[in-house]
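> Handing you this structure, nothing more for now.
Rule-based calculations on the coordinates, nothing more; no lab input. The structure presented is a predicted model; accordingly, all values stated were derived computationally and were not measured. Every residue, glycine among them, receives a Cβ derived from its backbone with ideal geometry; neighbour counts consider all protein chains shown.
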2 protein chains.
Amino acid sequence: MRVSKYLLSTQKETPANAEVISHQLMLRAGMIRRNASGLYSYLPTGLRVLRKVEAIVREEMNKAGAIEILMPMVQPGDLWVETGRWDKFGPELLRFTDRHNRDFVLGPTHEEVITDLIRKEVSSYKQLPLNLYQIQTKFRDEVRPRFGVMRSREFLMKDAYSFHLEQETLNETYQAMYQAYSNIMNRMGLAFRPVLADTGSIGGSMSHEFHVLANSGEDLIAYSTGSDYAANIEKAEAPLPTEGRAAATQALTLTDTPNAKTIHELVEQFGLDITKTVKTLIVKGATEEAPLVALLVRGDHELNEIKADKLELVASPLEFASDEDIRSAIGAGPGSIGPVGLKLPVIADHSVLVMSDFAAGANIEGKHYFGINWERDLPLVAGADIRNVVEGEATPDGKGTYAFARGIEVGHIFQLGTNYSKAMNATVLDENGKSQVMLMGCYGVGVSRIVAAAIEQNHDDRGIVWPQAIAPFTVGILPMNMHKSHRVTDIAEQLYKDLSAAGIEVLFDDRKERPGVMFADMELIGIPHTIVIGDRNIDAGVFEYKNRRTGEKQDIPFAEIVDFIKGQMGA
Amino acid sequence: MRVSKYLLSTQKETPANAEVISHQLMLRAGMIRRNASGLYSYLPTGLRVLRKVEAIVREEMNKAGAIEILMPMVQPGDLWVETGRWDKFGPELLRFTDRHNRDFVLGPTHEEVITDLIRKEVSSYKQLPLNLYQIQTKFRDEVRPRFGVMRSREFLMKDAYSFHLEQETLNETYQAMYQAYSNIMNRMGLAFRPVLADTGSIGGSMSHEFHVLANSGEDLIAYSTGSDYAANIEKAEAPLPTEGRAAATQALTLTDTPNAKTIHELVEQFGLDITKTVKTLIVKGATEEAPLVALLVRGDHELNEIKADKLELVASPLEFASDEDIRSAIGAGPGSIGPVGLKLPVIADHSVLVMSDFAAGANIEGKHYFGINWERDLPLVAGADIRNVVEGEATPDGKGTYAFARGIEVGHIFQLGTNYSKAMNATVLDENGKSQVMLMGCYGVGVSRIVAAAIEQNHDDRGIVWPQAIAPFTVGILPMNMHKSHRVTDIAEQLYKDLSAAGIEVLFDDRKERPGVMFADMELIGIPHTIVIGDRNIDAGVFEYKNRRTGEKQDIPFAEIVDFIKGQMGA
């Protein structure tokens, strides 16, 4: 591609209102332009990257045996009524009526449409398992679209849906998708982690998220230093305590703590070890008999609300009790609550049950007990994993310790079970001619989001540093003062021809621009390999090669350049 | 692809509510399924064809120097207000408000969005000309969607928009697109005609439609038997009469014609030559001074309303006068009107001006004049081309005669001029630093519509007959009783492997189905080449090859099959 015939559209200035680096660089590199809040046009450079990501996703899906289809973006509202999501989905689901006043939605996802399609198309277990996917535009009416295409309203997704008679083939397809997603990330040259995820409101039994690692990522991932184990912080399992409870050495003492409303104030004011303190959190209960429930975590630990939400005694969604509720039930405020003498159901994090000589609120305003010991001062209570893990502690597989990383979720695989198929009565006849509700899996990749995530992971202060597989162009040709030197023109044109003939995608900067402008553009756009041609090089019979990622420069003899570039591409 | 791992979804029965053959066959061949009125899902077989059409369109656009971008499907309403189309477009434009109550539309076309993008992105004539395209989903809220994907509400289009400082480069890009569209049609193996088209309400100065020829086509095309000239019937130019007016031989006579309200009744009742009669049509005038205008066409000719609409004296849009208007202005009803003594502006088709001894209404109820002659009985009036051409008459280039064909419009190229750029103030600075409104062209291809049009042109009573370039698969393998014969299985598997390794797309019917079912499916889907393997063939060491289009069968020795198929593909 000649720049003179292209729409380069680079910008020097960092655009206002672009908070994250990928959004800034996509605007500056002429990849996208904003049409309205959360709506973007892809300029040629942006679209080239998007299409490369799309192609890799398609190839790996096909390799994994999935079959491509295409469903409409506009979906009939009545299907969403059937699954109950018409009411549950909230205002992210853009609804409208057509000219005949019928209800439609702009699809944010296609579970309803595919389940409707398959219940009509498939009648026998012999047609299963089936894994169908599409790469298609989605719409989600985000309340505050932000970060460019990272969280836009219109976006490109690959969504796959599989259908099964037995759990066994669902597991197999799930594994095949796990592998396909790993292949996709590896082929794109992105550092990533698949992490165990909470299945959340979509339900189902098994779920992994695929995260592109980046310091700017919104999600915190806890991974093992010694194995493949990784989980979203919401889901990461805390190890069971390995040491038993130490014997009591202190007497129980009721202490005045009028100025200690938080654990940190208590620790500071009384010189306590924070690992010898207990936080008591009061949440709403699931039943009328127990309208409030107390949760205990060690002073230095954080309650994991997703884990707590799943406790049988606790109301879902999790809701903290108000100050008033606490005072009227216990007679003291939240800063003075503790397990001793507490007349509520109590659930303690496993780590609390092995503590001794610890401090906690006394359920009397402005007072704490110090030197609390289980079974002497209060009966043992139920234990559960209700806290976030911390770096350095053992991972559940026993093969390493937890380390944390930040990630951007770009893929998600789910075992849905019968969540949708049951509501929509999607059944097949089994071997005995009996009607069975199909099991389903669903598997999503945020194609446009990957573009942004790749930039978050791969950039420097001069611009984007594309992994080669998804770079808009592989090689940039920069002729110096081409319009003044026939020699430069001739050699640049020949090089452009030779590289193109070798199937290499070239951006040939044939503009009458100063070298500085041309260098800055190539680096901003992030072309992996650049070749400079100037009178000086020509005299020496070499091209000046520069690698965008390493910054290394090398002089390459004219005759060797195509093979050299091929070698770099293979590297 | 193995049928056992695929979603074939063929149907024997002709579906109800599918009026045209392409719609019926797309449903029966398992290409599409209806989600709601005018909304379809592409099943795997349909999507394979759609993607092939898309790929050919993309390649030819790139070859022609157009650059691919991608604009959002959801567009801000305020851009449509800016061009006035918010009010003009009618209910086909689907409008909705987002969660913040802002106006948006689902894009049926992208002139507004691209013009907005380019006015912000391009500031200098040096960046022009520019031709940008996208291949993207469109939505048009048709009042009565029909014919499957031929006239659906959601559809796939390639739309290109070019920007220019001078008419000269607009002409060049227009020509390049004309050529690209011709290449696209040729590569797909479709019989087509580019035809001069009326620019209609979209305005502009030059326009061609590209039609796939098919007897079922909605449009009538008038083409030259001796040259490339072809035009939509609305636009086809009538030749000027080559012979002069014959001298008068009859006297003017006023005749009672009480039962002749139409030309055909007149001709029948009085034994007249229809080419010696004149029809007089009264339409609304463009000015208050001439509220009605009379149009004359020969009795055997048809008024061309599009041509008449463009006459200066005639109101646009064209509107016929009511019976009442005619009676109160002329004193007689529409069946008795004629040019003799008529006190209205009169415009005659050129062919009427060379008539002599002709009959027409007398402007007296129930009476006609016979033997009318120009300049003797009435003064000559203005002549114009206001009729449809007829088969057999000369084409305007003088190189042949008109023949008619029916076509399906699948492409349209337009010179828009400044229609949109002026309304949206899309300007660049010219060489003198002066601000100039850009000229624009727009170029559309109905990608999903091509799929249906190709079927309308290529089918027989057994199903679709795909041109090879857009067939879902190139070769079908039909093993006979594979599950009973190890020999058949082994050879079929090997053939599948060999053809796939040669890069040929194969549909391998590995089901336990009766041969009749397998043959019927292959023919219905329209696979160009099928290879039968049975014990009988194996004994003879040959495959039984069948060509879908010609029906010809041939025995091909095992060792020669891959080369034979390659040869057939090249043919």
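> Test of understanding: express the Cα radius of gyration of chain B as a ratio to 2.2 N^0.38 Å, with N the residue count.
Here the answer is 1.21, to two decimals.
> Taking R0 as 30 Å, what's the FRET efficiency between A:Asp397 and A:Thr418 from their Cβ-Cβ distance, rounded to 0.05?
Taking R0 as 30 Å, the efficiency between A:Asp397 and A:Thr418 is 0.50.
> What distance in nm separates the simple spin-label points at B:Thr427 and A:Lys434, each placed 7 Å from Cα in the Cβ direction?
Spacing of the two 7 Å Cα→Cβ label points: 7.8 nm.
> Debye calculation, C-alpha points only, no solvent: report log10 I(q)/I(0) for the stretch A:326-460 at q = 0.09, 0.10, 0.18 Å⁻¹, in the same order as the q values.
-0.65, -0.75, -1.03
> Moving to a separate point now. In the stretch A:327-455, with Lys and Arg counted as +1 and Asp and Glu as -1 at Cβ, which of these residues, A:Gly333, A:Asn373, A:Met424, has the Cα nearest the positive end of the dipole, that is, farthest along it?
A:Met424
> Amide H to amide H under 5 Å from A:Arg387: which residues, 5+ apart in sequence or cross-chain, H placed 1.01 Å off N in plane?
A:Asn304
> How high is the FRET efficiency between B:Glu166 and B:Glu218 when r is their beta carbon distance and R₀ equals 35 Å, given to the nearest 0.05?
FRET efficiency, B:Glu166 to B:Glu218: 0.45.
> Under a Cβ-only charge scheme (Lys and Arg +1, Asp and Glu -1), can you give me the dipole magnitude of the stretch B:413-523 about the Cα centre, in debye to the nearest 20?
Once rounded to the nearest 20, the dipole reads 240 debye.
> Using only the Cα atoms of the stretch B:124-276, build the gyration tensor, take square roots of its eigenvalues as a ≥ b ≥ c, and label the shape rounded, prolate or oblate: rounded if a/c is under 1.5, else prolate if a/b is larger than b/c, else oblate.
Prolate, since a/c reaches 1.5 and a/b exceeds b/c.
> Still on this structure, please answer the following. Which of A:Ser152, B:Ala308, A:Leu213 sits farthest toward the positive end of the charge dipole of the protein assembly as shown, with +1 on the Cβ of Lys and Arg and -1 on the Cβ of Asp and Glu?
A:Leu213
> Sort A:Asp87, A:Asp300 so the one with the fewest other Cβ atoms within 10 Å of its own Cβ comes first.
Sorted ascending by nearby Cβ count, the order is A:Asp87, A:Asp300.
> Is the C-alpha gyration tensor of the stretch B:225-266 telling us rounded, prolate or oblate? Criteria: a/c under 1.5 is rounded; beyond that, a/b larger than b/c is prolate, otherwise oblate.
Oblate is the answer for the stretch B:225-266, as a/c is 1.5 or above yet b/c matches or exceeds a/b.
> Under a Cβ-only charge scheme (Lys and Arg +1, Asp and Glu -1), can you give me the dipole magnitude of the protein assembly as shown about the Cα centre, in debye to the nearest 20?
800
> Hey, another quick one. Could you give the dipole magnitude of the stretch B:268-359 about its Cα centre, charging the beta-carbon of Lys and Arg +1 and that of Asp and Glu -1, in debye to the nearest 20?
Value, rounded to 20: 180 debye.
> When you count, for each residue, the other Cβ atoms within 10 Å and take the mean per peptide, how do B:41-50, B:401-410, A:424-433 rank with the highest first?
Top of the packing list down: B:41-50, B:401-410, A:424-433.
> What FRET efficiency comes out for the pair B:Asp103/B:Arg376, r = Cβ-Cβ distance, R0 = 51 Å, nearest 0.05?
Between B:Asp103 and B:Arg376 the formula returns 0.20.
> Which of the residue pairs A:Lys138/A:Lys307; A:Lys63/B:Lys566; A:Lys52/B:Lys546; A:Lys566/B:Lys497; A:Lys484/B:Lys126; A:Lys52/B:Lys138 have a Cα-Cα distance greater than 28 Å in the structure shown?
Violating the 28 Å Cα-Cα cut-off are A:Lys138/A:Lys307; A:Lys52/B:Lys546; A:Lys566/B:Lys497.
> Let me ask you something else. For A:Lys5 paired with A:Ala329, estimate the spin-label separation in nm (one decimal), with each label point 7 Å from Cα along the Cα-to-Cβ line.
Here the modelled spin labels are 7.3 nm apart.
> Where the centroid of each part is defined by its Cα atoms, how far is the stretch A:508-528 from the stretch B:503-559 in Å?
A separation of 55 Å, based on Cα centres.
> While we're looking at this one, here's another question. For the stretch B:235-247, what does the Karplus curve 6.51 cos²θ - 1.76 cosθ + 1.60, with θ = phi - 60°, yield as ³J(HN,Hα) per residue in whole Hz, taken in order and with x for Gly and Pro?
Rounded to whole hertz, the list is 10, 4, 7, 7, x, 6, x, 9, 9, x, 7, 6, 6.
> Can you give the relative contact order of chain A as a percent, counting alpha carbon pairs under 8 Å and 6+ residues apart?
17
> Alpha carbon centre of the stretch B:121-136 versus the stretch A:296-374: separation in Å?
65
> In whole angstrom, how far apart do the alpha carbon centroids of the stretch A:256-292 and the stretch B:1-76 sit?
If you average the Cα positions of each part, the centres end up 62 Å apart.
> I would also like to ask the following. Which listed residue (A:Gly441, A:Ala384, A:His412) has the Cα farthest towards the positive end of the charge dipole for the stretch A:322-446, taking +1 on Lys and Arg C-beta and -1 on Asp and Glu C-beta about the Cα centre?
Of A:Gly441, A:Ala384, A:His412, it is A:Gly441.
> As a test of the formula, what do you get for chain A when each DSSP H run with n ≥ 4 contributes -39,500 (n - 2.57) and the sum is divided by the residue count, at 222 nm and rounded to the nearest 500 deg cm²/dmol?
The helix-only estimate for chain A comes to -8000 deg cm²/dmol at 222 nm.
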